[in-house]
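Engineer: Questions regarding the structure given below will be posed in turn.
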Amino acid sequence: MLTFFICLAALVIGYLIYGTFVEKVFKPDDRKTPAVDHPDGVDYVPMKPWRAFLIELLNIAGLGPIFGAISGALWGPSVYIWIVVGTIFAGGVHDYMAGMLSERNDGASISEITGKYLGNGMKQVMRVFSVILLVMTGTVFMVGPAGLLALLTPSWAGVKFWTIVVLIYYFLATLLPIDKIIGKIYPLFGVCLILMCLMVGGATVVNDGSRPMMELTLENLNPDGQPIWPLMFVTVACGAISGFHSTQAPMMARCMTSEKQGRRIFYGAMVAEGVIALIWASAAIAFYYNPTHGLSDLSDLGGGNSTVVYDMCETLLGPVGSVIAMLGVIVCPITSGDTAFRSARLTLADWFNIDQANLKKRLLLAVPLLGIGYLISLMDYNVVWRYFSWSNQTLAMITLWAAAAYLCRHVGKNASLICAVPATFMSAVSATYILYAPEGFQMGSHGMTSLAYGIGIAVAVLFLAIFLFRIYIPEMRKGSRLSAR
């Protein structure tokens, strides 16, 4: 239990200290935000900071910090380190920079921002990559809650029925002005989310005698012997760092009324998601670990999924408590899936310069996106989830490199290190994972694990070298010439 509370405190302290440091590096000022400068009543809508924070949290806190954290629990308490360190030094920085760069570029989507700071070629890659990721995200966050709702309702209302219901809601949330549905019902959803966290976390602490919360150990407890590197760093994506967040940040960048709200809205929401992931990871370890079989029971159930969440909630909280907690769990993916499709619409609108104040033009983009999402929902959910997780971390890597380039050119070369260091680390994670994993080049299955590790690290070093020689060193020389004058 001590480890849990130390990690919880570390997340709060990290927000207060490192979050403030990142804010000072970026230097927010009093310039007019896009929502103040040109509100359009659809996407550029001024909002109060508390509402913007709550929407941002619900946008990013999908199934990742629940299903992903529970699956990450298969490696044991070592997952706590990744959640805490990843959230403070990588995820929080990533989310803050993505939101603030969008705000300073008139609320532009992440693909347009990347193109501006990393070149037109990367812009084209990111446009395609981000739309695919967003549709995949919307899909997994459509099927996931449908499965949870099916567990709470009569047998005739199965997964397919609830998938269609959720899809109809997504259509309305994607199409209508942001303050008509999202801005009005998210506060209610936020209450469900907070209650879920308090109830599951509280029950885990109270039951510490019968289901002890494990203290920190670096031992790999994965029942199947799967390595911590790189698998755990991709499995626990949204609870530590997630590129999906960079696709969501522009929505609130178009609604904030002051740059100085950025730390609370973006960095703060990421820390709050880290708390959610920490609660579910610790709860899963305490619930399923036993000295004889370790975490094999959790592994046999497939890690994070609807059945596991329902089993934990019902046992820890009883029939009534489990329904309340499950509503909070259901809220997470629904409030991320709707904005995933909305972000996909905005990304395509930025790409092809389509005016979104016009309802017919919004329909032109929304209908095909949701139709494709439904077709993907008919595929194997686990396969879609694995590709979603890897895409998440790859997008985060690219966003961090774009942010590092911005800081190097517009703030100072050393300022860029707060993004360049985690960008290098995530480059190694993404490259190694796709080489090692079964859904990638399967090098881990063919006895080439060491080679996969070596190539992954080499890719990270290559990306760092490109950044140093194309951006960092030229800026350093430019600064030296200016000083000489």
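The values are calculated or read from the model by the stated rules, or taken from the named source; none is laboratory data. Because the structure is a prediction, the values reported are computed rather than measured. FYI the Cβ positions are ideal-geometry reconstructions off the backbone, even for glycines, and counts take in every protein chain you see. Accessible surface is based on the protein model in full, side chains and every heavy atom, while ligands, DNA and RNA are left aside. Shrake-Rupley method; radii C 1.70, N 1.55, O 1.52, S 1.80 Å.
Engineer: I need the full set of residues from the range 138-164 which are among the hydroxyl-bearing types (Ser, Thr, Tyr) and assigned to a helix (DSSP H, G or I), in order please. Give the steps one after another, and end with the answer.
Structural biologist: As a first pass, look at the range 138-164 and keep what is among the hydroxyl-bearing types (Ser, Thr, Tyr): 139, 153, 155, 163.
Once the filter is applied, which keeps residues that are among the hydroxyl-bearing types (Ser, Thr, Tyr) and assigned to a helix (DSSP H, G or I), the range 138-164 yields 139, 163.
Engineer: Also, I was wondering about something else. Looking only at the range 175-186, which residues are in a helix (DSSP H, G or I) and more than 20 Å from the chain's Cα centre (by Cα)?
Structural biologist: Hits for the range 175-186 are 175, 183, 184, 185.
Engineer: Tell me, yes or no, whether the range 246-260 has at least one residue that is in contact with a helix residue (DSSP H, G or I) (Cβ under 9 Å, 6 or more places away or on another chain), assigned to a helix (DSSP H, G or I), surrounded by fewer than 24 Cβ atoms within 10 Å (Cβ to Cβ) and among the β-branched types (Val, Ile, Thr).
Structural biologist: No: the range 246-260 contains no residue that is in contact with a helix residue (DSSP H, G or I) (Cβ under 9 Å, 6 or more places away or on another chain), assigned to a helix (DSSP H, G or I), surrounded by fewer than 24 Cβ atoms within 10 Å (Cβ to Cβ) and among the β-branched types (Val, Ile, Thr).
Engineer: Which of the residues belonging to the range 276-299 are without any contact (Cβ under 8 Å) to a residue 40 or more places away in the chain and either in a strand (DSSP E or B) or under 29 Å from residue 54 (Cβ atoms) (or both)?
Structural biologist: Passing the criteria: only 290.
Engineer: Please work out which one of (1) touching a Phe, Trp or Tyr at 6+ places or on another chain (Cβ under 8 Å); (2) within 30 Å of residue 390 (Cα to Cα); (3) not hydroxyl-bearing (Ser, Thr, Tyr) is the condition residue 211 fails and give its number.
Structural biologist: (2)
Engineer: Taking the residues in the range 190-219 that are open to solvent by less than 60 Å² (accessible area, probe 1.4 Å), part of a loop (DSSP other than H, G, I, E, B) and of a type outside the set (D, E, K, R) as candidates, determine which candidate is farthest from residue 331 (Cα to Cα).
Structural biologist: 217
Engineer: Restricting to the range 220-238, name every residue that is in contact with a helix residue (DSSP H, G or I) (Cβ under 9 Å, 6 or more places away or on another chain), at pLDDT 90 or above and part of a loop (DSSP other than H, G, I, E, B). Spell out the reasoning first.
Structural biologist: Keep residues of the range 220-238 that are in contact with a helix residue (DSSP H, G or I) (Cβ under 9 Å, 6 or more places away or on another chain), which gives 220-224, 226-238.
Cutting the leftovers down to at pLDDT 90 or above gives us 220-224, 226-236.
Of everything in the range 220-238, those that are in contact with a helix residue (DSSP H, G or I) (Cβ under 9 Å, 6 or more places away or on another chain), at pLDDT 90 or above and part of a loop (DSSP other than H, G, I, E, B) turn out to be 220, 221, 222, 223, 224, 226, 227, 228, 229, 230, 236.
Engineer: Only residues that are over 20 Å from residue 364 (Cβ atoms) and surrounded by fewer than 15 Cβ atoms within 10 Å (Cβ to Cβ): list them for the range 170-184, please.
Structural biologist: 184
Engineer: Among residues belonging to the range 445-457 that are open to solvent by 20 Å² or more (accessible area, probe 1.4 Å) and in contact (Cβ under 8 Å) with a residue 60 or more places away in the chain, point out the one that is farthest from residue 238 (Cα to Cα).
Structural biologist: Looking at the filtered set, the residue picked out is 449.
Engineer: Which of the residues spanning the range 131-174 are closer than 14 Å to residue 345 by Cα and either of a type in the set (Lys, Arg) or touching a Ser or Thr at 6+ places or on another chain (Cβ under 9 Å) (or both)?
Structural biologist: 131, 132, 133, 134, 136, 137, 138, 173, 174
Engineer: What residue, of 321, 302, is touching a residue at least 60 places away in the same chain (Cβ under 8 Å), open to solvent by 40 Å² or more (accessible area, probe 1.4 Å) and of a type outside the set (Lys, Arg)?
Structural biologist: None of the others qualify; the one that does is 302.
Engineer: Another one. Inside the range 91-125, can you point out the residues that are within 19 Å of the chain's Cα centre (by Cα) and surrounded by fewer than 24 Cβ atoms within 10 Å (Cβ to Cβ)?
Structural biologist: Once the filter is applied, which keeps residues that are within 19 Å of the chain's Cα centre (by Cα) and surrounded by fewer than 24 Cβ atoms within 10 Å (Cβ to Cβ), the range 91-125 yields only 108.
Engineer: If you check residue 27 against the conditions, is it out of contact with any Lys or Arg (no Cβ under 7 Å at 6 or more places or on another chain), open to solvent by 10 Å² or more (accessible area, probe 1.4 Å) and in contact (Cβ under 8 Å) with a residue 12 or more places away in the chain? Give the derivation first.
Structural biologist: Values: out of contact with any Lys or Arg (no Cβ under 7 Å at 6 or more places or on another chain): yes; open to solvent by 10 Å² or more (accessible area, probe 1.4 Å): yes; in contact (Cβ under 8 Å) with a residue 12 or more places away in the chain: yes.
Yes: the conditions hold for residue 27.
Engineer: With respect to residue 338, determine if the residue is part of a helix (DSSP H, G or I), among the acidic types (Asp, Glu) and open to solvent by 30 Å² or more (accessible area, probe 1.4 Å).
Structural biologist: no
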